[in-house]
Every structure is written in structure tokens, then in C-alpha cells.
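**Q** Please read through the structure below; I'll follow up with questions.
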Amino acid sequence: MEFRRIENLPPYVFSIINGLKIEARRAGADVIDLGFGNPDMASPDIAVEKLAEAARNPRNHRYSLSRGLPKLREAIAGYYKNKWDVDLDPELEITNTIGAKEGFSHLMWVLLERGDAAIVPTPSYPIHIYGPLFAGADLRQVPMKFLADPSDRETFTDDFMDSLHTAYDVGWPKPRVLVMSFPHNPTGAIVDLDFMQRVVDFCRERDMIVVNDFAYADIGFNGHQPPSILQAEGAMECAVELYSMTKSFQMAGWRSAFLLGNSEVVQALVKLKSYLDYGMFQPVQIAATVTLNEAQDFPDQVREIYESRCDTLVDGLARIGWDMPKPGGSMFCWGPVPEPYSEMDSVEFCSHVVREADVALSPGVGFGPGGEGFVRFGLIENEMRINQAIRNLKRGLPKLG
């Protein structure tokens, strides 16, 4: 039997490391998993309490609204107004999605088809690469500069914009969509509002849609407040943004996210989703509504924990001879395979680390060709476990130091 849509997909490289991790744990090893970006903290108490209360009401067990309850859309509109001073129409400019990954994937079906093209940075979160490909589009990949050298961040905006112009000008067809995500997964790169304005101006001039996956909207380090692309002048003409409660509110399994911005794009996704789903379980929507309205300080607590873990990891790696630049935000640290092991590619190196140090990392090539030679650490363990991981790495990587 043929499965033509997926038969040309490359092997999912993260499964290689996951298999080695499972094998080591079956052999009795205590593998510290810093690979999969799965949030480990508890969801807000108010979310859990409201979920339990709403779930006891049998009226909430019926089909719900695919685009989300009105009060839920009003709550996220209020959150955006309070946090980024962005005004959104809950009826036309917001829809609920069953997680950002689902929302993004179906959005690509709306925006792209066979014969179209999209611009995507490399490296990128895998669905940002494969979502356009699943829709049948061609991919133009824009390299991310400054991956390992923080000093290069000063020229990042100019480099990125130059690469955008090249990706648009070279080849045919002209791209219809630009995909971004800042704070960036996997590199932790951050941008300012001036950068967002330049991107919006670029897309408006070319009749393109820019999609910003704002998964780490509330997780900026050293006092950085990540900007929403919807803050830029003219953004509502060409931009949409995905906001998720996964990281900010530690509600990963709840699958509560939103597409916000340009009303035509949002309503196009609403139309498609009306054929595909009946929306999130209504008690989850009710709990998410109350959380957005009454727990708006929770993301600050989450950010503080991630930043403390990041400092612990970066400082610990420096002590054993592995220079890892501190990210500007997100829940990841990203850096090069250390020089004494540079003869290994990222999959070989991460496989070696699992076997010799009982630590699981993500190989950079899993995020696209621009990620080769790098690895990603997830800040998904407490500081005691991170310090244990550092000791394991010192033991398993004797060439460091």
C-alpha cells in the first residue's frame, strides 16, 4: 500500500535519540531528558479547579464551537490588550485552535497549495518546515545568523532582511507566505518591534502573509518583553499570530491556542476548521477563559523559573569547558557541538551523549539543514537535575576542559 503524502518524509531524527534513551532506561540508566520540549511545571490551580467544576456539568459534554466560546475569545483579546496594547475583534480577528501545531498545519492548507512557495527560517521548529510542504508548497529557507556567536546578534536584523529579499527575488513562484517564530525555537533568538515593523512593511509591499508563531510570547530573558507582530503599524493588513497557553501557562496537554490578526485569514481558517472539528472540550475552554482573565501573573512566574534554569545550565556548561551562549528567550538553549567533538555530526554527537553521559539532547539537524553542527537543550528539568546533567556530561565528554 502507498502513502504518497508521507512516503518521502525523512526519518524523524529525534526518534533515534528517543530510542537510545528508552534502551538506556531499560538497562537501568537514569537518563536526564533535556531533548523533548515538554513543559514540566503544573498548570495554574485555578485552571485545574475550573476544569473539574465545568466537567461535572453534563451540558459541557456536548459538541462545542470550533472557533471557541465567545467568552474565551474575549479573554484572549483582553490579554493581548493588557500585554501588548493590541486591539482585536473577538468575532472576526480571533479563532481558537486545538494547539498551535494544529492551528499552524491547517493554516498552511488555507494559505498554500501545490505550486505556491513559502519562506521559512533554517533552523526552525519542524512543523514550520513541513506544514508548507504538506500543503504542497515549495520552501525557501532563510538562514538564521548568529547561531553560536552572540556578538553577531547586532547585525541579525539586517542579515535577516537581506536574506528575505534574496529568498523573494530569486526563483519562481514568488512566495505567498513568510513563517516566523520569535522568541525562536530552537535558537532562542529574540527581536524587537523595529524588526517586526520591517517584516510587516516587507510583506505589505509584496502582498504576502506573515505568520508569527508566538509560542514563547511571555518568555523573554534579561528583562526582554517579546513584541507581538500585531503591534506593528499595518500588521492587520498582512499578519497573523499564533498564541498558545502551552508554555506561558504550562498547559501543554490542554491544547489551548489561538490564531489572531488579519480577519480574512482568520475567517478562512474558521471556515476550514468548521469542516474538520467541533472545537476543544468545553470544560477546557471554560478553564482557559478563567485562567486568561484571573491568572495573568502566572507567565511571569514561569519565565523566572526558565531563566534561572537557563543560567544554571549555561554557567554549568562553561565550568566543564562547553561555551553555550545564553538565549534571549524561549525554554531552550542552543549551541554548537563542542570543538573537541566537531568531527561528529549532531545526530552522532547526541547519540554519543546518551550512551556515555546518560543525557538526552536534540540534534540540530532535526530542525533543518541550518541546524547541523548544533544541539538544543530543553529547560525541562529542575536545577538539581540540570546540575546532575552537567556532572554526567563532564564524565561522558572527557575531551572537554
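**Q** Kindly indicate the residue of the stretch 363-400 that is within 16 Å of THR122 (Cβ to Cβ) and aromatic (Phe, Trp, Tyr) and also farthest from the chain's Cα centre (by Cα) among those meeting that condition.
**A** This residue is PHE374.
**Q** Return the only residue of VAL290, VAL353, VAL347, VAL314 being part of a helix (DSSP H, G or I), touching a Lys or Arg at 6+ places or on another chain (Cβ under 9 Å) and over 30 Å from PRO58 (Cα atoms). Spell out the reasoning first.
**A** Details: VAL290 fails: over 30 Å from PRO58 (Cα atoms); VAL353 fails: touching a Lys or Arg at 6+ places or on another chain (Cβ under 9 Å); VAL347 fails: touching a Lys or Arg at 6+ places or on another chain (Cβ under 9 Å).
Being part of a helix (DSSP H, G or I), touching a Lys or Arg at 6+ places or on another chain (Cβ under 9 Å) and over 30 Å from PRO58 (Cα atoms) holds for just one of VAL290, VAL353, VAL347, VAL314, which is VAL314.
**Q** Go through the stretch 273-285 and count every residue that is part of a helix (DSSP H, G or I) and surrounded by fewer than 23 Cβ atoms within 10 Å (Cβ to Cβ). Full working, then the answer.
**A** Within the stretch 273-285, the subset part of a helix (DSSP H, G or I) is 273-276, 282-285.
If we keep only those that are surrounded by fewer than 23 Cβ atoms within 10 Å (Cβ to Cβ) too, we end up with 274-276, 282-283.
So the count comes out to 5.
**Q** I'm trying to understand the selection: among the residues of the stretch 240-272, which are part of a helix (DSSP H, G or I) and closer than 17 Å to MET108 by Cα?
**A** So in the stretch 240-272, the residues part of a helix (DSSP H, G or I) come out as 245-248, 252-254, 263-272.
Hits for the stretch 240-272 are SER263, GLU264, VAL265, VAL266, GLN267, ALA268, LEU269, VAL270, LYS271, LEU272.
**Q** Follow-up. Here are ARG385, ARG303: which of them is closer than 30 Å to GLU74 by Cα and assigned to a helix (DSSP H, G or I)? Talk me through it step by step, then tell me what you get.
**A** Working: ARG385 fails: closer than 30 Å to GLU74 by Cα.
Of ARG385, ARG303, the one residue that is closer than 30 Å to GLU74 by Cα and assigned to a helix (DSSP H, G or I) is ARG303.
**Q** Whether any residue in the stretch 331-350 is closer than 25 Å to GLN225 by Cβ, out of contact with any strand residue (DSSP E or B) (no Cβ under 7 Å at 6 or more places or on another chain) and surrounded by fewer than 24 Cβ atoms within 10 Å (Cβ to Cβ) is what I want to check. Even if it seems obvious, please write down each step before you answer.
**A** Keep residues of the stretch 331-350 that are closer than 25 Å to GLN225 by Cβ, which gives 331-335.
Checking the rest, the ones that are also out of contact with any strand residue (DSSP E or B) (no Cβ under 7 Å at 6 or more places or on another chain) come to none.
There is no residue in the stretch 331-350 that is closer than 25 Å to GLN225 by Cβ, out of contact with any strand residue (DSSP E or B) (no Cβ under 7 Å at 6 or more places or on another chain) and surrounded by fewer than 24 Cβ atoms within 10 Å (Cβ to Cβ).
**Q** Could you list, in sequence order, the residues of the stretch 63-77 that are of a type in the set (Lys, Arg) and either over 12 Å from SER274 (Cβ atoms) or part of a helix (DSSP H, G or I) (or both)?
**A** Restricting attention to the stretch 63-77, the residues satisfying the condition of being of a type in the set (Lys, Arg) are 67, 71, 73.
Hits for the stretch 63-77 are LYS71, ARG73.
**Q** Exactly one condition in (1) open to solvent by 10 Å² or more (accessible area, probe 1.4 Å); (2) over 30 Å from GLY279 (Cβ atoms) is not met by VAL199; state its number.
**A** (1)
**Q** Return only the number of the condition from (1) at pLDDT below 95; (2) buried (at least 18 other Cβ atoms within 10 Å of the Cβ); (3) part of a helix (DSSP H, G or I) that PHE156 does not satisfy.
**A** (2)
**Q** Considering the stretch 236-259 alone, what residues qualify as being aliphatic (A, V, I, L, M) and over 16 Å from LYS101 (Cβ atoms)?
**A** Quick first cut of the stretch 236-259, residues aliphatic (A, V, I, L, M) only: 236, 239-240, 242, 245, 251-252, 257, 259.
If the condition is that a residue be aliphatic (A, V, I, L, M) and over 16 Å from LYS101 (Cβ atoms), then MET236, ALA239 are the ones that fit.
**Q** Here's something else I'd like to know. Considering only residues that are hydroxyl-bearing (Ser, Thr, Tyr) and within 25 Å of the chain's Cα centre (by Cα), look in the stretch 329-351 and name the one that is farthest from ASP300 (Cα to Cα).
**A** Filtering the stretch 329-351 down to residues hydroxyl-bearing (Ser, Thr, Tyr) leaves 330, 341-342, 346, 351.
Then drop every residue that is not within 25 Å of the chain's Cα centre (by Cα), which leaves 330, 346, 351.
Working: SER330: 13, SER346: 33, SER351: 35 Å.
The extreme case among them is SER351.
**Q** Going through the stretch 82-126 one residue at a time, which ones are open to solvent by 10 Å² or more (accessible area, probe 1.4 Å), touching a strand residue (DSSP E or B) at 6+ places or on another chain (Cβ under 9 Å) and in a helix (DSSP H, G or I)?
**A** Across the stretch 82-126, the qualifying residues are ALA100, LYS101, GLU102, HIS106, LEU111.
The values are calculated or read from the model by the stated rules, or taken from the named source; none is laboratory data. Only a predicted model underlies this, so the values are computations on that prediction, with no experimental measurement involved. Reconstructed Cβ throughout: ideal geometry from the backbone, glycine too, with neighbour counts over all protein chains shown. To get the accessible areas, we keep the full protein, side chains included, count just its heavy atoms, and leave off ligands, DNA and RNA. Shrake-Rupley method; radii C 1.70, N 1.55, O 1.52, S 1.80 Å.
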